[in-house]
Amino acid sequence: MSRQRKKRSPANNRLTTILVIGFLILAVYFFISGEDPLGIFTNPPPVAEVTPEITPVAGGGDWWQVYFTDPGDRTNRDVAGTVAEKLIDQINGAQKSIDIAAFEFNLTPIAEALLAAHERGVVVRWVTDDENGIEVDGEEDHGQFAMLENAGIEVKDDGRGALMHNKFWIFDQQTVWTGSMNVTVNDVFRNNNNAILLASPLLAAIYEREFTEMWDGAFGPTSPSTVAEQTATIDGTPVQVYFGAEDETISHLVPLIDNAQQQIRFMAFSFTADDLGAAILARAEAGVDVQGIFETRASETEFSELPALFCADVPVRQDGNPGTFHHKVFIIDDAIVVTGSFNFSENADSSNDENAIVLNNRDIATLYLQEFGRRWDEAIQPDAAEINCP
């Protein structure tokens, strides 16, 4: 037996008609006057605000990852999306040990990540500089070393006049983090820097040996050189590591420059080493395509190599960052990259504790060339009147 459809009453029909007519009248009124007294047309449901993610310029392969800082005004010092966050990821993933040789430190989120690692049983050790590490820890915006030491994490300093200038980290004796970046507010948020992460137990062992020497009190020229044992080949990439001051690093970098065939690019915070400057000038005169960026303030000292190169018509510029241009990089023939903590100076070569790593890998070189291009575009031509070429 089928059910009969229930008929609407005349009253319901009239109500529906009135509502439709009322809606149409309000619509016409809105489109003519722009006013919407009931908020039907102009007050849609609120949409959640999305904060765009800040991502460091980066790239990587199976066993390596490269990062470049992106300086800007981040007054809240939020490490989310910065290179520091990538370092925190490594700290959070450590299972057994974290050995650190780092010059300066004032990033609280890094300290907090290390405290969490310590609490879960990871052995954390830190070697730093006395004057620029431990001695400034009581100043404003510092105190992170005290946080570590109060939790039972041991921190040692070099206790000498020269610098413990390294910036390398070793995780679980498997992975190395190095480059030019100090773990400081300035280096993460304001300065141009690079960092490279290398997943290689062979490289980790090389850096671990150097860390152990410093941990046991051997710094600078008193440290024994093991340069012949500081090579590795990782997935076809030849890698060489040099430590200052014991390895006389400049004596190894000059032949790399001498052998350049097509192109040399460099980014330098401090470039005062005459041997390196002369080698670059000789290759430029031999027809090699040379370009270089100097940190502006450091290039205006009487010891800088900028005047000699500029006056010889080698294309060089001064950086355009209102902060500090802190790279220490060579890129040779689109294939060889030199990076690390090593400034191109006599102090770095003969007094300080430093590290430089040389990687022959075109993919890595491409990323560093891209960074060079970004910085070259914002760099400025030196003022010839200030240099007074002969």
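Per-residue answers, yes or no, for (1) more than 20 Å from ASN259 (Cα to Cα); (2) of a type outside the set (Gly, Ala, Ser):
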{"residue": "PHE310", "(1), (2)": "yes, yes"}
{"residue": "GLN318", "(1), (2)": "yes, yes"}
{"residue": "THR324", "(1), (2)": "yes, yes"}
{"residue": "HIS327", "(1), (2)": "yes, yes"}
{"residue": "ALA365", "(1), (2)": "no, no"}
{"residue": "LEU369", "(1), (2)": "no, yes"}
{"residue": "GLU386", "(1), (2)": "yes, yes"}
{"residue": "PRO390", "(1), (2)": "yes, yes"}
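Residues in segment 241-251 that are part of a strand (DSSP E or B) and under 22 Å from ALA365 (Cα atoms): VAL241, TYR242, PHE243. The residue that is surrounded by the fewest Cβ atoms within 10 Å (Cβ to Cβ), among those in segment 313-331 that are in contact with a helix residue (DSSP H, G or I) (Cβ under 6 Å, 6 or more places away or on another chain) and over 30 Å from PHE219 (Cα atoms), is GLY320. Please name all residue pairs, on different chains or six or more residues apart, with Cβ atoms under 9 Å, provided the first residue is in segment 166-185 and is touching a residue at least 60 places away in the same chain (Cβ under 8 Å) and the second residue is among the hydroxyl-bearing types (Ser, Thr, Tyr) and part of a helix (DSSP H, G or I). The qualifying pairs are PHE168/TYR207; TRP169/TYR207; ILE170/TYR207; THR178/TYR207.
At least 3 residues being more than 22 Å from VAL66 (Cβ to Cβ) is the threshold, and among the helices (runs of 4 or more DSSP H) wholly inside segment 129-240 those reaching it are 144-150, 201-215.
In segment 104-116 there is at least one residue that is of a type in the set (Asp, Glu), surrounded by 16 or more Cβ atoms within 10 Å (Cβ to Cβ), under 17 Å from the mean Cα position of the chain (by Cα) and more than 28 Å from GLY61 (Cβ to Cβ). Scanning segment 196-225 for residues that are hydroxyl-bearing (Ser, Thr, Tyr) and at pLDDT below 95 gives THR222, SER223.
In segment 363-385, the qualifying residues are those that are modelled with pLDDT under 95 and assigned to a helix (DSSP H, G or I), and the one that is surrounded by the fewest Cβ atoms within 10 Å (Cβ to Cβ) is ALA385.
Confirm whether ASP89 is surrounded by 16 or more Cβ atoms within 10 Å (Cβ to Cβ) and either acidic (Asp, Glu) or within 23 Å of VAL241 (Cβ to Cβ) (or both). No: the conditions fail for ASP89. The residues in segment 220-239 that are within 25 Å of the chain's Cα centre (by Cα), touching a residue at least 12 places away in the same chain (Cβ under 8 Å) and farther than 19 Å from ASN352 by Cα can be counted, and the count is 6. When the residues of segment 252-282 are filtered to those that are touching a Ser or Thr at 6+ places or on another chain (Cβ under 7 Å) and either assigned to a strand (DSSP E or B) or hydroxyl-bearing (Ser, Thr, Tyr) (or both), the one that is farthest from PHE342 (Cα to Cα) is THR272.
The values are calculated or read from the model by the stated rules, or taken from the named source; none is laboratory data. Just so it is clear, the structure is predicted and the values come from calculations on it, not from any experiment. All Cβ positions, glycine included, derive from the backbone under ideal geometry; neighbour counts span all protein chains shown.
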